[in-house]
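Enquirer: This is the structure I have questions about; it appears just below.
The values are calculated or read from the model by the stated rules, or taken from the named source; none is laboratory data. Note that the coordinates shown come from a computational prediction; the quantities given were computed from them, not determined experimentally. A quick note on method: Cβ atoms are made from the backbone with ideal geometry, for glycine too, and the neighbour counts reach across all protein chains shown. Note: accessible area is taken over every heavy atom of the protein model, side chains too, but ligands, DNA and RNA are not part of it. Shrake-Rupley method; radii C 1.70, N 1.55, O 1.52, S 1.80 Å.
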Amino acid sequence: MVSPLSLSKNVCVIGAGPSGLVAARELRKEGHNVVVLEQRWDVGGQWLYEPNVEGEDPLGKKKVLQVHSSIYSSLRLISPREIMGFTDFPFLVKKGRDTRRFPGHRELWLYLKDFCEHFGLREMIRFNTSVECVRMVEHDGVGRDLRWMVKSKEKSKEETVVEEVFDAVVVATGHYSHPRLPAIKGMDTWKRKQLHSHIYRVPEPFRNEIVVVVGNSLSGQDISMELVEVAKEVHLSAKSLNITEGLSKVISKHDNLHLRPQIEALQEDGRVLFVDGSWLIADAILHCTGYSYTFPFLDTKGRVAVDDDRVGPLYEHTFPPSLAPSLSFVGIPRKIIGFPFFEAQAKWIAQLLSGKRRLPPRDEMMRSIEELYRSRDAASIPKHYTHDIADFEYCDRYGDHIGFPHLEEWRKQLCLSALVNADANLEAYRDSWDDHELLQQALNSPHFTQLGPADFTI
């Protein structure tokens with residue numbers, strides 16, 4: 001629903017990663033007054049690399065972690081750069097930087113810094129500022145009439161808590177920081193080295209060790225391929241032994257890389273028992289088991305909760321029906337082409353707050369959420385995969401709420417092409433590909449030709 005009315009709100013955005021930056025831009029574009037609170041010293045979120053992880057809990061079990069970024073030193077993008085940019089700011093090759101199609105993490109961080117500078121976003125951001133609490137200001141209304149008390153603390157002024165009231169809060173804190181750990185018998189009493197990939201940075205500390213990597217995700221595979229060059233043995237423990245052609249090639253190439261089933265139990269003498277009855281004595285266990293959603297600062301009186309990584313209830317993975325549009329979340333969905341989706345979320349939020357658009361009635365939003373849950377249950381999809389989308393059509397339908405352009409066909413096909421290539425050529429897919437025609441379509445599309453040479457050096 002569209003309205004000609006336009007209102008200006010005071011909005012707090014929490015986080016200056018990709019989702020927070022685009023939220024800030026869209027909110028300001030819509031005429032709102034925006035403050036972005038960022039706990040670290042620069043923009044980038046996950047993409048602002050933190051090499052020093054000393055002092056962090058190895059398994060990340062603390063409610064509040066010291067280290068935000070989970071990026072390891074050698075990490076390269078798993079998607080080609082062409083598909084990753086915001087719709088009006090392509091992720092172009094720049095002279096003197098990492099020119100690869102699948103660049104290292106620093107290049108994406110520099111892209112986000114470029115985005116921030118190009119649109120003048122830095123002036124809205126308070127760096128080195130942690131959010132202590134976000135809670136509703138007492139009132140009799142719901143949703144649109146809500147206001148929020150935000151308590152924050154600047155690192156250089158640890159004793160001073162700043163309290164501010166905002167008309168709306170946008171949560172854009174990401175979901176790749178708080179480790180999700182498996183439940184393994186004996187895990188809490190196992191005496192040897194045990195950590196989550198959240199604090200893995202380089203392979204050297206594992207030199208000449210026998211390492212068990214738990215989890216066959218892309219990061220688990222990447223880290224295993226890196227460890228195999230220095231470790232005595234690497235044992236990759238997976239839920240399923242049905243693996244891709246690419247991983248099979250890697251295992252056959254390395255005598256010290258072995259595929260194992262799930263772990264049955266850990267014993268205090270260092271023994272790792274697997275469900276097939278086999279066992280080994282390991283020096284270290286590295287859990288590459290993903291991440292959980294957590295919002296320790298957010299107090300909604302139970303109206304928004306995280307249950308086995310289902311954040312809810314959220315209409316379209318963005319709006320809590322009883323609190324929207326004054327509270328919203330950007331960046332919750334996974335398995336999407338992220339930046340354009342975050343942009344669509346940000347535009348919708350900004351236009352709702354200005355009064356240009358309205359959400360459906362609360363009961364209608366709740367019915368939509370319940371239908372999503374029912375469909376996931378019917379498909380036997382575990383609750384913790386609620387926000388895994390993996391559906392281009394859904395992303396297009398989401399954009400239809402605000403007239404946001406559908407994903408270009410070349411963007412979809414380049415995404416799929418990279419996934420197929422990774423399955424077949426795990427070690428080489430980032431440097432060897434056969435989607436040249438699609439690449440040319442992309443580079444000749446309006447997305448890449450919209451900025452002139454004055455804006456970018458190619």
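Enquirer: Go through segment 324-373 and give me each residue that's free of Cβ contacts under 8 Å to residues at least 24 places away in the same chain and among the hydrophobic types (A, V, I, L, M, F, W, C).
Expert: Correct list: Leu372 only.
Enquirer: Assess whether Ala422 counts as being among the small types (Gly, Ala, Ser), over 20 Å from Val311 (Cβ atoms) and touching a strand residue (DSSP E or B) at 6+ places or on another chain (Cβ under 9 Å).
Expert: Numbers: among the small types (Gly, Ala, Ser): yes; over 20 Å from Val311 (Cβ atoms): yes; touching a strand residue (DSSP E or B) at 6+ places or on another chain (Cβ under 9 Å): no.
Here the answer is no, as Ala422 does not meet what is asked.
Enquirer: With respect to the numbered conditions (1) touching a strand residue (DSSP E or B) at 6+ places or on another chain (Cβ under 7 Å); (2) within 30 Å of Cys395 (Cα to Cα), which one is the sole condition not fulfilled by Arg303?
Expert: In the conditions (1) touching a strand residue (DSSP E or B) at 6+ places or on another chain (Cβ under 7 Å); (2) within 30 Å of Cys395 (Cα to Cα), Arg303 misses (1) alone.
Here is a yes/no grid of residues against (1) surrounded by fewer than 16 Cβ atoms within 10 Å (Cβ to Cβ); (2) within 22 Å of the chain's Cα centre (by Cα):
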| position | (1), (2) |
| --- | --- |
| His401 | no, no |
| Glu409 | yes, no |
| Lys412 | no, yes |
| Leu439 | no, no |
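Enquirer: Listed residues Arg28, Arg106; which is outside any loop (DSSP other than H, G, I, E, B) and either on the phi > 0 side of the Ramachandran plot or within 18 Å of the chain's Cα centre (by Cα) (or both)?
Expert: Result of the check over Arg28, Arg106: Arg106.
Enquirer: If the Cβ limit is 9 Å and pairs must be 6+ apart or interchain, which residue in segment 244-263 that is open to solvent by 40 Å² or more (accessible area, probe 1.4 Å) pairs with which residue that is of a type in the set (Val, Ile, Thr) and assigned to a helix (DSSP H, G or I)?
Expert: Here the result reads His258/Ile251; Leu259/Ile251, each pair linking segment 244-263 to a residue that is of a type in the set (Val, Ile, Thr) and assigned to a helix (DSSP H, G or I).
Enquirer: While we're looking at this one, here's another question. Could you go through segment 122-141 and let me know if any residue there is acidic (Asp, Glu), within 26 Å of the chain's Cα centre (by Cα) and more than 30 Å from Pro340 (Cβ to Cβ).
Expert: yes
Enquirer: Then there is this: Is it true that Leu59 is open to solvent by 30 Å² or more (accessible area, probe 1.4 Å), in contact (Cβ under 8 Å) with a residue 40 or more places away in the chain, assigned to a loop (DSSP other than H, G, I, E, B) and not β-branched (Val, Ile, Thr)?
Expert: Values: open to solvent by 30 Å² or more (accessible area, probe 1.4 Å): no; in contact (Cβ under 8 Å) with a residue 40 or more places away in the chain: yes; assigned to a loop (DSSP other than H, G, I, E, B): yes; not β-branched (Val, Ile, Thr): yes.
Here the answer is no, as Leu59 does not meet what is asked.
Enquirer: A follow-up question, please. Can you tell me which of Asp276, Asp269 is at pLDDT 95 or above, over 30 Å from Trp148 (Cβ atoms) and open to solvent by 10 Å² or more (accessible area, probe 1.4 Å)?
Expert: Criteria check complete, one pass: Asp276.
Enquirer: Checking Leu327 against (1) open to solvent by less than 10 Å² (accessible area, probe 1.4 Å); (2) under 17 Å from the mean Cα position of the chain (by Cα), which test does it fail?
Expert: (2)
Enquirer: Being crowded, with 20+ Cβ neighbours inside 10 Å and in a loop (DSSP other than H, G, I, E, B) is the requirement here; does Gly174 meet it?
Expert: It is true that Gly174 is crowded, with 20+ Cβ neighbours inside 10 Å and in a loop (DSSP other than H, G, I, E, B).
Enquirer: Considering only residues that are part of a helix (DSSP H, G or I), under 19 Å from Pro58 (Cβ atoms) and open to solvent by 10 Å² or more (accessible area, probe 1.4 Å), which ones fall in segment 207-243?
Expert: Those that are part of a helix (DSSP H, G or I), under 19 Å from Pro58 (Cβ atoms) and open to solvent by 10 Å² or more (accessible area, probe 1.4 Å): Ser219, Glu226.
Enquirer: Sticking with this one: Can you report the number of residues in segment 78-91 which are of a type outside the set (Val, Ile, Thr), closer than 17 Å to Arg430 by Cα, in contact (Cβ under 8 Å) with a residue 40 or more places away in the chain and not in a helix (DSSP H, G or I)?
Expert: 3
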